Amino acid sequence: MTLKNYIWDFDGTLFDTYPVMLRALKQVMIKHQIHYDGDLAYFIKKYSIREFAKQYGTDALLDDYHQLETALQTQVASYPGIPAILKQIIDTGGQHFILSHRDDKTYAYLGELSPLFTEIITSDNHFARKPDPESLTYLINKYQLKLDQTVMVGDRPLDILAGQNAGIKTILFDDAGFFQANELNADYTVTKWENFKNEY
């Protein structure tokens, strides 16, 4: 195994939270009378909900979204296969970290999976947001992670860019097939976690 240190995004990578996030966003768009003709799911994957609010809404929309999303996100579950993948990597000498734009509710959502992570970074740690590599550099320096053995795993361009900016490997999780012909230049692409073999 060449990769030993896995730095995971949370939403849409480890946990299947996007359906509720999308539902919450659509509801607050109605409240704020915002109409968007494009593919909303693609927009928030390619950019972010924060960017959508910046371009088409207001800070009030973002605040309302966060409140509603928290209320609706009641049955948070990891993608099938993720618990086994995490444990397999640890069993073969690896370790895990989380780098999420979500706040400290991440800990509650992780539940019994929390002990599998060496450190969890959320928005409450106040690092610069991805794709800025500040938080990745912090982990690399704190744990003396070898760059060629460390990988950023995420579902959005900003995850891949953050890893590239930090000089580490990248794995794109693209279950919806949004990104064609590896347009993000990730080192590896996974479309179903059930097919993940930890052989990179």
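The values are calculated or read from the model by the stated rules, or taken from the named source; none is laboratory data. Computed from a prediction, not measured in an experiment: that's the story for all the values here. A quick note on method: Cβ atoms are made from the backbone with ideal geometry, for glycine too, and the neighbour counts reach across all protein chains shown.
The selection criterion, being among the β-branched types (V, I, T) and within 25 Å of Q180 (Cβ to Cβ), does not hold for I34.
Whether a residue is surrounded by 15 or more Cβ atoms within 10 Å (Cβ to Cβ) and not charged (D, E, K, R) was assessed, and Q144 does not pass this test.
Screening T2 on (1) of a type in the set (S, T, N, Q); (2) under 24 Å from S135 (Cα atoms); (3) surrounded by 16 or more Cβ atoms within 10 Å (Cβ to Cβ) shows it passes everything except condition (3). For the structure I just gave you, tell me whether T2 is more than 19 Å from the chain's Cα centre (by Cα) and polar (S, T, N, Q). The answer is yes for T2.
In region 175-200, what residues are touching an Asp or Glu at 6+ places or on another chain (Cβ under 7 Å) and either among the basic types (K, R) or assigned to a helix (DSSP H, G or I) (or both)? Across region 175-200, the qualifying residue is only K192. For the structure I just gave you, tell me whether G154 is small (G, A, S) and within 20 Å of Q88 (Cβ to Cβ). It is true that G154 is small (G, A, S) and within 20 Å of Q88 (Cβ to Cβ). Any chance region 121-128 includes a residue that's touching a Pro at 6+ places or on another chain (Cβ under 8 Å) and within 18 Å of I49 (Cβ to Cβ)? The answer is no; no qualifying residue exists. Among all residues of region 20-42, there is at least one that is surrounded by fewer than 19 Cβ atoms within 10 Å (Cβ to Cβ), aliphatic (A, V, I, L, M), without any contact (Cβ under 8 Å) to a residue 12 or more places away in the chain and not assigned by TED's automatic domain parsing to the domain that holds V153.
Scan region 166-174 and tell me whether some residue there is part of a helix (DSSP H, G or I) and under 17 Å from the mean Cα position of the chain (by Cα). Taking every residue of region 166-174 in turn, at least one turns out to be part of a helix (DSSP H, G or I) and under 17 Å from the mean Cα position of the chain (by Cα).
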